[in-house]
Amino acid sequence: MKVVPLGEAFLRITNGKNVPQDDSGDGLPVTRIETIANGRVNPLKCGYAALPRAGNEKWILQAGDILMSHINSPKHVGKCAIYEAEHPEMIHGMNLLRLEPDIAQLDSRYAFHQLRSRKFRSDLRRFINQAVNQASVSISNLKSIDFILPPLDEQQRIAAILDKADELRAKRREALAHLETLTQSIFHSMFGDPVTNPKNLPRLTLPEVGHLYSGGTPSKASSENWGGDVPWFSPKDIKAMFLTDSIDHISSRVIETSSLKLLPAKTVVLVVRGMILAHSFPVAMLLRQATINQDLKAIRPTRPVEPEFLLACLQAQHGHAVSLVETAAHGTKKLTADGLSKIYVFDVPLELQQTFAIRVAAVEGLKEAHRKHLAELDALFASLQHRAFKGEL
């Protein structure tokens with residue numbers, strides 16, 4: 001296999017233009033780190049450049065250009081995406097490197113796949129400079145990394161194989177994304193919006209459904225309180241609809257010696273304090289016994305209610321809940337008791353709630369099957385990548 005320094009395979013590797021932002025939507029789209037995900041460019045995540053097109057043509061991306069994150073958290077340095085012909089015209093913005101392939105010797109899709117390979121990412125990590133809150137890699141170090149450069153026709157053959165495998169993964173992710181919205185679609189079809197209540201169903205306020213329990217934080221001065229087997233959830237854990245484990249754990253002795261309660265499985269929790277409330281209303285269901293910190297509230301129903309139904313009721317009020325968020329004196333966002341009293345739960349027969357819960361379970365079963373298939377496709381793709389860049393594909 002022919003191996004060259006990466007800089008010899010590309011015509012240019014440049015940083016983007018530092019342009020004034022104009023998020024009114026009137027300027028040209030400008031790339032930023034949020035623009036790239038899963039190897040793809042998302043135009044909807046672009047900002048806008050407050051500058052005219054004329055005179056700035058050299059900053060406009062061309063089909064086949066590869067964008068790479070080189071300043072970010074360590075795990076995101078090296079994240080890249082390919083700019084395709086069908087993308088709208090975009091300005092190359094700061095903090096993303098633009099790698100322009102030398103088309104006389106390098107196929108852009110082959111290059112893209114090699115830059116995403118485990119071996120290349122491993123080589124890249126050797127050159128990452130770790131700062132306090134940020135990591136980076138220099139263009140000169142990037143150019144020095146070994147790059148496998150077979151004949152052009154061989155590159156195109158490898159790229160076609162990897163493209164097909166990656167397409168299958170993308171379709172599976174797309175199906176999962178659709179399933180993520182299906183539960184709310186079923187909820188709205190059966191019950192409608194809890195705030196506008198178009199079906200004129202009876203409603204309760206959230207405090208009328210049950211006790212809103214606040215957790216707490218065990219003393220960190222005592223190491224015996226931490227590192228046990230009991231999950232301790234905080235806002236940073238509330239990133240999915242159903243939760244099986246937390247980042248932090250506490251000792252069972254804390255439950256025995258303090259007022260912190262062990263919540264039962266299928267408890268619904270919501271974030272009531274934290275900066276995330278500026279734009280989101282995280283809610284979730286705990287699938288095992290666990291504890292929570294004081295920035296969460298757990299709903300402990302005092303009347304019959306299906307947890308899946310309760311969870312969906314809260315999720316359906318995302319925008320409404322965010323509008324109720326207040327700002328504390330020190331700047332932290334919070335949902336007060338007054339705000340929580342303006343969040344609603346439909347007071348419908350338990351049998352109807354159970355019908356909804358059965359449908360949710362069916363959706364979750366489909367999602368689990370798709371996740372399993374996606375994991376299998378990810379493993380296949382990783383194997384193909386490994387073989388491709390060892391000359392075995």
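The values are calculated or read from the model by the stated rules, or taken from the named source; none is laboratory data. These numbers were taken from a predicted model, which means no experiment stands behind them. As a convention, Cβ positions derive from the backbone with ideal geometry for all residues, glycine included, and neighbour counts pool all protein chains shown. To get the accessible areas, we keep the full protein, side chains included, count just its heavy atoms, and leave off ligands, DNA and RNA. Shrake-Rupley method; radii C 1.70, N 1.55, O 1.52, S 1.80 Å.
Taken over the stretch 253-304, the criterion of being at positive phi and of a type outside the set (Lys, Arg) is satisfied by Gly274 alone. If we scan the stretch 210-223, do we find a residue that is surrounded by fewer than 16 Cβ atoms within 10 Å (Cβ to Cβ), at pLDDT 95 or above, touching a strand residue (DSSP E or B) at 6+ places or on another chain (Cβ under 7 Å) and under 16 Å from Ala316 (Cβ atoms)? Within the stretch 210-223, not a single residue is surrounded by fewer than 16 Cβ atoms within 10 Å (Cβ to Cβ), at pLDDT 95 or above, touching a strand residue (DSSP E or B) at 6+ places or on another chain (Cβ under 7 Å) and under 16 Å from Ala316 (Cβ atoms). Which number in (1) open to solvent by 50 Å² or more (accessible area, probe 1.4 Å); (2) closer than 23 Å to Glu376 by Cα; (3) among the charged types (D, E, K, R) marks the one condition that Lys236 misses? Evaluating Lys236 over (1) open to solvent by 50 Å² or more (accessible area, probe 1.4 Å); (2) closer than 23 Å to Glu376 by Cα; (3) among the charged types (D, E, K, R) leaves (2) as the failure.
Evaluate the following for Ala165: is it of a type in the set (Gly, Ala, Ser) and either over 30 Å from Ala362 (Cβ atoms) or assigned to a strand (DSSP E or B) (or both)? Taking the combined requirement at face value, the residue does not satisfy it. Of the residues making up the stretch 183-191, not a single one is open to solvent by 10 Å² or more (accessible area, probe 1.4 Å), in a helix (DSSP H, G or I) and in contact with a Gly (Cβ under 9 Å, 6 or more places away or on another chain). So, Trp226, is that one without any contact (Cβ under 8 Å) to a residue 60 or more places away in the chain, surrounded by 11 or more Cβ atoms within 10 Å (Cβ to Cβ) and touching a Phe, Trp or Tyr at 6+ places or on another chain (Cβ under 9 Å) or not? So Trp226 passes the test. Of everything in the stretch 37-69, what is open to solvent by 60 Å² or more (accessible area, probe 1.4 Å), modelled with pLDDT under 75 and in contact with a strand residue (DSSP E or B) (Cβ under 9 Å, 6 or more places away or on another chain)? Give them in sequence order. Across the stretch 37-69, the qualifying residues are Tyr48, Pro52, Arg53.
Selection of the stretch 70-121 for residues being more than 24 Å from Lys390 (Cβ to Cβ), at pLDDT 90 or above and charged (D, E, K, R) yields Arg98, Glu100. Taken together, Ala298, Ala284 contain a single residue that is in a strand (DSSP E or B), under 19 Å from the mean Cα position of the chain (by Cα) and crowded, with 16+ Cβ neighbours inside 10 Å, which is Ala284.
Applying the set (1) on the phi < 0 side of the Ramachandran plot; (2) not in a helix (DSSP H, G or I) to Glu368 leaves exactly one unmet item: (2). Being over 17 Å from Pro349 (Cα atoms), free of Cβ contacts under 8 Å to residues at least 12 places away in the same chain and either outside any loop (DSSP other than H, G, I, E, B) or among the polar types (S, T, N, Q) (or both) is the filter here; which residues of the stretch 192-214 pass it? Within the stretch 192-214, Thr196 is the sole residue that qualifies. Within the bounds of the stretch 82-97, is there any residue that is β-branched (Val, Ile, Thr) and surrounded by fewer than 21 Cβ atoms within 10 Å (Cβ to Cβ)? No, the stretch 82-97 contains no residue that is β-branched (Val, Ile, Thr) and surrounded by fewer than 21 Cβ atoms within 10 Å (Cβ to Cβ). Within the stretch 347-393, restricting attention to residues that are closer than 27 Å to Thr196 by Cα and in contact with a helix residue (DSSP H, G or I) (Cβ under 6 Å, 6 or more places away or on another chain), which residue is most open to solvent (accessible area, probe 1.4 Å)? Restricting to residues being closer than 27 Å to Thr196 by Cα and in contact with a helix residue (DSSP H, G or I) (Cβ under 6 Å, 6 or more places away or on another chain), the top hit is Arg359. Restricting Val360, Val345 to residues that are assigned to a helix (DSSP H, G or I) and touching a residue at least 12 places away in the same chain (Cβ under 8 Å) narrows the list to Val360. Out of Ser341, Ser246, Ser251, Ser323, report the one residue that is over 22 Å from the mean Cα position of the chain (by Cα), surrounded by fewer than 22 Cβ atoms within 10 Å (Cβ to Cβ) and within 26 Å of Lys220 (Cα to Cα). Exactly one of Ser341, Ser246, Ser251, Ser323 is over 22 Å from the mean Cα position of the chain (by Cα), surrounded by fewer than 22 Cβ atoms within 10 Å (Cβ to Cβ) and within 26 Å of Lys220 (Cα to Cα), namely Ser251. Just one of (1) touching a residue at least 24 places away in the same chain (Cβ under 8 Å); (2) closer than 22 Å to Lys333 by Cβ fails for Pro307. It is (2).
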